[in-house]
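What follows is a short report on a single structure.
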Amino acid sequence: MKRSLLMTGLLTLAMSLMPADGADANRNEVPDYVLEKFTSGGTAENLQPKHIRLMQEAFDNIPHNRQMQNAVTVTSVDNLALNRAVMTSLDDSFSCKLDDWSVTNQKRSGRCWIFAGTNLLRVGAMNKMNLKDFEFSQSYIFFWDKIERTNYFLESIIDTADRPDGDRTVDFLLANVLSDGGQWNMFVSIVKKHGLVPKTAMPESESSSNSSMMNNILKAKLREGAKRLRDMQGNGAGIAELRNAKHEILTVIYRILSIHMGTPPSRFEWQWRDKDNKFHRDGEMTPQEFTTKYVTLNLDEYVCLVHDPRPSSSFGRTFTVAYLGNVIGGEPVKYLNVDIDMMKKIAMRTILDGQPVWFGCDCSKQMDRDLGLWDSRLFDYESVYDTKFALNKADRLIYHQSRMNHAMLFTGVDVVDGKSRRWRVENSWSDESGRKGFFIMDDSWFDEFMFEIAAQKSYLPENLQKALTLKPIVLPPWDPMGSLAYCEFARIY
């Protein structure tokens with residue numbers, strides 16, 4: 001009996017020293033021997049004076065290096081690397097051009113996906129109302145996305161509340177809480193649930209146009225809320241208690257958003273004078289009634305096509321990203337992976353049939369904002385630095401050199417012998433950038449830095465339409481295919 005009690009006591013002591021729920025394994029992903037390698041006396045190689053001397057000699061022995069140093073220290077490297085032959089070859093003419101309207105301005109916010117979505121839908125609305133220009137309220141979509149995404153985030157925290165502090169998924173959720181960015185399916189989910197209103201019914205506020213401070217406040221409250229929910233779960237709270245606490249947090253977030261952005265209208269008066277000076281009045285409408293009457297595209301027919309060339313991905317397969325979304329029970333974020341030529345073909349056909357195309361890309365590469373140009377050869381950095389930049393598109397995704405960070409609209413394409421040569425892009429960076437807000441994208445840039453388009457299912461060949469029915473592969477939350485929903489890229493510009 002005493003022996004049994006002793007063994008029980010030793011076992012209890014041993015278990016108390018072990019990490020709970022695998023927490024130690026999660027925290028200490030770097031094994032101890034790594035520390036031994038990289039500290040004094042370890043086996044990792046130290047950068048020694050002889051190495052520095054050899055690097056300096058290699059630099060000094062090539063006159064080109066000194067010439068580039070003299071130039072780049074007094075001017076922007078982009079000015080020096082600009083390939084003028086490429087710049088002058090991209091003229092502003094297109095065999096098919098749809099736009100005859102002014103561009104929009106997302107200002108200092110990451111709402112590109114909302115602007116691209118409302119810019120797509122406004123084309124049909126302008127035609128139906130016989131208007132030269134018109135905008136849906138981006139602020140209205142932004143408000144409801146923040147509320148819906150708060151609920152989505154808090155439900156994700158509840159779902160992962162039994163995981164230890166330091167768990168990679170929990171850390172990712174906390175690091176990327178309530179970003180401005182989003183995806184096509186997330187835009188569709190908000191429109192379907194909350195409808196749309198004209199910009200006059202919910203105009204821009206200081207915080208919708210300059211969201212940084214508002215986001216900081218919201219993130220602080222949501223991380224505080226996440227701690228509350230995780231602590232409650234750790235203390236044995238049931239799902240009903242957690243949900244009650246969640247709704248209390250949501251109420252605070254709604255209050256903060258309303259203070260910053262105003263309260264979204266549930267009803268509004270709509271009347272207008274068209275471009276022929278004819279007056280129209282619809283009277284009082286709800287956002288859903290307005291959407292039903294003036295959105296001419298069938299959003300249920302749209303799917304997301306992506307080009308993901310990584311060896312781990314397969315063309316003709318669907319996939320999704322874990323914990324990526326905004327409306328619980330809304331449109332799932334689902335992608336169909338296609339080769340780049342198929343994406344081009346569908347985008348071109350859509351434009352030729354008279355419809356713009358929503359797309360996502362890595363707009364930061366080989367881009368001149370003032371000139372409004374994207375071309376894969378626009379800047380010759382290799383000549384400046386005398387080195388090759390050898391990563392291909394798949395490698396750039398794997399090694400975190402490229403990711404989706406901006407959404408825009410194709411409104412034109414230049415077609416030669418049945419193939420696209422360049423693309424006309426409606427951006428949302430105001431008419432002070434590019435060519436009154438419109439940009440030119442060379443076809444070579446499409447190959448390298450385009451990742452996604454929203455397309456109508458009817459444009460897909462039969463085998464790809466069948467592929468849409470496949471159960472999607474679930475990628476981890478931090479996969480680069482979900483990056484558009486977490487970026488704040490536009491604020492850089």
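The values are calculated or read from the model by the stated rules, or taken from the named source; none is laboratory data. Treat the numbers as computed from the prediction; the structure is a model and nothing was measured. No Cβ is skipped: glycine too gets one built from the backbone with ideal geometry, and neighbour counts run over all protein chains shown.
I'd like to know if region 451-474 contains one or more residues that are under 24 Å from residue 373 (Cα atoms), acidic (Asp, Glu) and modelled with pLDDT of 95 or more.
Yes, region 451-474 contains at least one residue that is under 24 Å from residue 373 (Cα atoms), acidic (Asp, Glu) and modelled with pLDDT of 95 or more.
Determine whether region 186-193 contains at least one residue that is assigned to a helix (DSSP H, G or I), of a type in the set (Ser, Thr, Tyr) and at pLDDT 95 or above.
Yes, region 186-193 contains a residue that is assigned to a helix (DSSP H, G or I), of a type in the set (Ser, Thr, Tyr) and at pLDDT 95 or above.
Restricting attention to region 187-197, which residues are buried (at least 22 other Cβ atoms within 10 Å of the Cβ) and out of contact with any helix residue (DSSP H, G or I) (no Cβ under 7 Å at 6 or more places or on another chain)?
Result: 189, single match.
Which of the residues spanning region 75-107 are small (Gly, Ala, Ser) and closer than 22 Å to residue 407 by Cα?
Residue satisfying the conditions is 102 alone.
Exactly one of these conditions fails for residue 160: (1) in contact (Cβ under 8 Å) with a residue 60 or more places away in the chain; (2) more than 16 Å from residue 224 (Cβ to Cβ); (3) touching a Ser or Thr at 6+ places or on another chain (Cβ under 7 Å). Give me its number.
Of everything listed in (1) in contact (Cβ under 8 Å) with a residue 60 or more places away in the chain; (2) more than 16 Å from residue 224 (Cβ to Cβ); (3) touching a Ser or Thr at 6+ places or on another chain (Cβ under 7 Å), residue 160 misses just condition (1).
Going through 409, 470 one at a time, which residue ends up being part of a strand (DSSP E or B) and in contact (Cβ under 8 Å) with a residue 40 or more places away in the chain?
Of 409, 470, the one residue that is part of a strand (DSSP E or B) and in contact (Cβ under 8 Å) with a residue 40 or more places away in the chain is 409.
If residue 399 satisfies all but one of (1) farther than 19 Å from residue 378 by Cβ; (2) touching a Leu at 6+ places or on another chain (Cβ under 7 Å); (3) touching a residue at least 12 places away in the same chain (Cβ under 8 Å), what's the number of the condition it fails?
Of everything listed in (1) farther than 19 Å from residue 378 by Cβ; (2) touching a Leu at 6+ places or on another chain (Cβ under 7 Å); (3) touching a residue at least 12 places away in the same chain (Cβ under 8 Å), residue 399 misses just condition (3).
Can you give me the number of residues within region 164-185 that are surrounded by fewer than 19 Cβ atoms within 10 Å (Cβ to Cβ), charged (D, E, K, R) and assigned to a loop (DSSP other than H, G, I, E, B)?
Matching residues across region 164-185 total 2.
Just one of 91, 145 is touching a helix residue (DSSP H, G or I) at 6+ places or on another chain (Cβ under 6 Å) and either outside any helix (DSSP H, G or I) or acidic (Asp, Glu) (or both); which is it?
145
Please work out if residue 251 is surrounded by fewer than 19 Cβ atoms within 10 Å (Cβ to Cβ), modelled with pLDDT of 95 or more, assigned to a helix (DSSP H, G or I) and of a type outside the set (A, V, I, L, M).
Against the criterion (surrounded by fewer than 19 Cβ atoms within 10 Å (Cβ to Cβ), modelled with pLDDT of 95 or more, assigned to a helix (DSSP H, G or I) and of a type outside the set (A, V, I, L, M)), residue 251 qualifies.
If the Cβ limit is 8 Å and pairs must be 6+ apart or interchain, which residue in region 175-201 that is over 19 Å from residue 261 (Cα atoms) pairs with which residue that is acidic (Asp, Glu) and surrounded by fewer than 22 Cβ atoms within 10 Å (Cβ to Cβ)?
189/148; 193/148
Please state which of the following conditions residue 433 fails to meet, knowing it meets all the rest: (1) assigned to a strand (DSSP E or B); (2) surrounded by fewer than 22 Cβ atoms within 10 Å (Cβ to Cβ); (3) touching a residue at least 60 places away in the same chain (Cβ under 8 Å).
That leaves (1) as the condition not met.
List pairs: first residue in region 439-464 and part of a helix (DSSP H, G or I), second residue β-branched (Val, Ile, Thr) and buried (at least 18 other Cβ atoms within 10 Å of the Cβ) anywhere in the structure, Cβ distance under 6 angstrom, at least six positions apart or on different chains.
Close Cβ pairs satisfying both conditions: 457/303; 459/346.
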